[in-house]
Amino acid sequence: KSFSDNGRLCERSHIFVLCVPPDLREIVFILQSQSNSFHVSQAERRKADLLKQAHSLTEEPPVVLLLHTLSDNEGDWSILPLLPYISYSFGKNSSWIVFLEEETNVKMTKLAQVLAKFDKNKEWFLGKPLHDEESTIIHHYAFAENPSVFKYPDFAAAWALSIPLVVRLANKVRDEPLKSDFTIDLKHEVALYIWDNGNGPHLTAVPELCTEPEDSSQPLNHCATTLSSKPPLCGEPVNTEDIFVAVKTCRKFHSERVPVIKKTWEKDALFLEYYSDHADPSIPTINIGVPNTERGHCGKTFAILQRFLSSSVPNTKWLIVVDDDTLISIPRLQVLLSCYNPSEPVCLGERYGYGLSQGGYSYITGGGGMVFSREAVVRLLDSGCKCYSNDAPDDMVLGMCLNALGLPVTHSPLFHQARPEDYARDFLAHQVPISFHKHWNIDPVAVFNKWLKDDLVAKASDGLDKSAKTEL
């Protein structure tokens with residue numbers, strides 16, 4: 001019978017008890033880290049904790065890698081292009097690759113015990129399963145007949161691949177070029193690639209991979225992972241006078257969408273302007289001098305960037321550009337921005353990718369809100385970056401420009417390009433979200449009140465502190 005003794009794995013027979021330390025050298029930890037200075041410090045702290053735990057258990061520590069340092073390839077965050085490197089580097093001497101996020105707490109002994117239950121010579125894809133309640137645009141309406149049938153991992157709980165699976169997938173990546181299109185929801189897309197239309201393994205649910213906060217009142221003895229409940233020490237929320245909000249709208253939505261903003265979050269923004277193709281003093285809107293386009297809005301967005309640096313608007317540290325159907329919590333944004341340095345070129349929001357397997361680029365998807373530090377706007381415009389047409393996709397053009405400048409796009413899962421119902425319920429359960437997007441088939445005021453409303457800035461700060469500030 002197997003049991004644990006002070007971090008060691010033990011086997012009891014009728015004659016004697018044999019206890020050995022878990023062989024942590026068989027596990028390679030990869031932190032899904034980012035190059036922004038705040039995220040680097042968070043990842044380094046997590047790495048130090050893992051190595052400290054390992055040191056108390058064994059003389060031979062595991063390998064702990066920060067994903068953003070592994071190469072200069074922008075596409076590494078999408079994991080699949082990285083598999084050949086992982087296979088080559090660790091395929092001979094390791095058994096498991098464990099991926100985790102900055103806020104994922106790991107109980108090293110418990111995790112080693114959990115992995116020991118699985119035959120390391122077989123293909124395993126382990127995680128905490130998420131599923132869709134209904135088919136969703138962010139998953140290209142996959143499994144429309146029965147969306148809940150397909151399971152994909154909640155990255156915050158950690159997820160693991162056995163080495164035989166890594167080696168096979170790496171060969172596949174080498175032999176068959178990855179499709180060069182959009183990366184939207186990575187956890188779903190990785191699971192689809194591994195499943196391979198039924199030719200590869202399904203996600204195996206591991207109940208010990210948890211997303212409860214570490215100080216939860218629930219019993220967590222069974223959990224090998226939990227989420228950090230302590231927020232990073234980021235200081236006071238950013239003042240509203242340091243944030244300028246630009247809302248992109250057009251004449252046809254003045255009466256339909258703008259009233260929703262006025263009923264919900266406009267009052268929380270000190271400096272806000274509505275940019276349109278028509279000046280309407282009753283709102284008021286500003287005619288930015290760019291004709292409305294049915295799609296893309298690149299010309300309008302670049303006019304907004306130029307106006308932000310002009311004397312026409314207050315000089316603020318931060319610019320956030322949103323659509324007229326974006327729902328956002330300004331107080332929660334103020335808390336989040338306290339973690340970032342506005343003197344750095346920060347571009348923050350929900351990160352998507354395009355052509356990442358073949359030298360593509362990352363971008364902040366516009367609907368969830370695009371946040372720029374003043375320094376980022378200065379560098380973008382100084383570079384000569386511009387639209388190839390007024391109706392080019394603004395977020396993607398900005399992504400191309402940032403990529404050319406070598407400036408990072410910083411991802412926060414608290415921004416959302418779609419509606420709450422487009423995300424797995426268990427995924428949203430451990431978040432204090434900052435934004436959602438689209439009014440389609442919902443009551444946007446009710447959605448705002450349920451998901452984003454805070455009575456006071458202090459309450460938003462408390463909420464993030466207590467539950468998911470380290471989701472940032």
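Taking amide hydrogens as placed 1.01 Å from N in the peptide plane, the amide H of LEU272 sits under 5 Å from those of VAL245, each at least 5 positions away in sequence or on another chain.
Based on alpha carbons, the Rg and Dmax found for region 94-195 are 14.9, 41 Å.
Our summary gives the chain a relative contact order of 15 percent, counting only alpha carbon pairs under 8 angstrom and 6 or more residues apart. Relative to the longest principal axis of the Cα atoms of the chain, helix 394-405 runs at roughly 60 degrees.
Straight-line reach from LYS300: taking Cα to Cα under 20 Å and skipping same-chain neighbours fewer than 8 places apart, the lysines in range are LYS248, LYS252, LYS386, LYS438. Shown for region 46-140: lysine pairs separated by 8 or more places, or found on different chains, whose C-alpha atoms are under 22 Å apart, numbering 16. Here the label points at ARG25 and SER310, each 7 Å from Cα along the C-beta direction, are separated by 6.5 nm in the simple model.
Against the main long axis of the alpha-carbon atoms of the chain, helix 186-195 sits at an angle near 50°. Can you list which of the trypsin sites (Lys or Arg not before Pro) found in region 279-330 are DSSP loop residues with at most 16 other C-beta atoms within 10 Å? Passing sites in region 279-330 are ARG295. In degrees between 0 and 90, to the nearest 10, how far off the longest principal axis of the chain does helix 163-175 point, with axes built from Cα atoms? Taking Cα atoms only, the helix is inclined about 50 degrees. Here the 3J(HN,Hα) profile of region 200-211, calculated from phi with Karplus coefficients 6.51, -1.76 and 1.60 at θ = phi - 60°, is x, x, 6, 5, 8, 6, 10, x, 6, 8, 10, 10 Hz, Gly and Pro shown as x. Amide H contacts for ASN105 (H built 1.01 Å from N in the peptide plane; partners 5 or more residues away or on another chain; cut-off under 5 Å): THR226, LEU227, SER228. For the chain, the solvent-accessible area works out to 43 Å² per residue, with a probe of 1.4 Å and every protein chain left in place.
A simple spin-label model places pseudo-atoms 7 Å from Cα toward Cβ; at SER71 and HIS222 they are separated by 4.0 nm.
Using only helices, what value at 222 nm comes out for the chain when you add -39,500 (n - 2.57) per DSSP H run of length 4 or more and divide by the total residues, to the nearest 500 deg cm²/dmol?
-8000 deg cm²/dmol
Using only side-chain charges placed at the Cβ, +1 for Lys and Arg and -1 for Asp and Glu, the dipole size of region 224-344 relative to its Cα centre rounds to 140 debye. Couplings 3J(HN,Hα) for region 253-269, derived from phi with the Karplus relation 6.51 cos²θ - 1.76 cosθ + 1.60 (θ = phi - 60°), are 9, 4, 8, 9, 9, 4, x, 5, 4, 5, 7, 10, 10, 4, 5, 7, 9 Hz, where x marks Gly and Pro.
The modelled label-to-label distance between ASP49 and HIS140, using points 7 Å beyond Cα along the C-beta direction, is 3.6 nm. 3J(HN,Hα) along region 291-304, derived from phi through the Karplus expression 6.51 cos²θ - 1.76 cosθ + 1.60 where θ = phi - 60°, amounts to x, 5, 10, 5, 8, x, 6, 5, x, 5, 5, 5, 5, 5 Hz, with x in place of Gly and Pro. Among beta bridges from DSSP that stay inside the chain, the antiparallel ones total about 55%. Close amide H partners of ASN287, meaning residues 5 or more places away or on another chain with modelled amide H under 5 Å apart, are SER276, ALA279.
Dipole size of region 127-260 about its Cα centre, with +1 on Lys/Arg Cβ and -1 on Asp/Glu Cβ: approximately 420 debye, rounded to the nearest 20.
In terms of its Cα atoms, region 168-225 spans 48, 23, 18 Å along the principal axes, sorted from long to short.
How many angstrom lie between the Cα centre of region 337-382 and the Cα centre of region 170-192? Computed from Cα coordinates, the inter-centre distance equals 23 Å.
The values are calculated or read from the model by the stated rules, or taken from the named source; none is laboratory data. Computed from a predicted structure; not experimentally measured. Cβ coordinates were reconstructed from backbone atoms using ideal geometry, including for glycine residues, and neighbour counts include every protein chain displayed. The accessibility values were calculated without ligands, DNA or RNA, using every heavy atom of the protein model including side chains. Shrake-Rupley method; radii C 1.70, N 1.55, O 1.52, S 1.80 Å.
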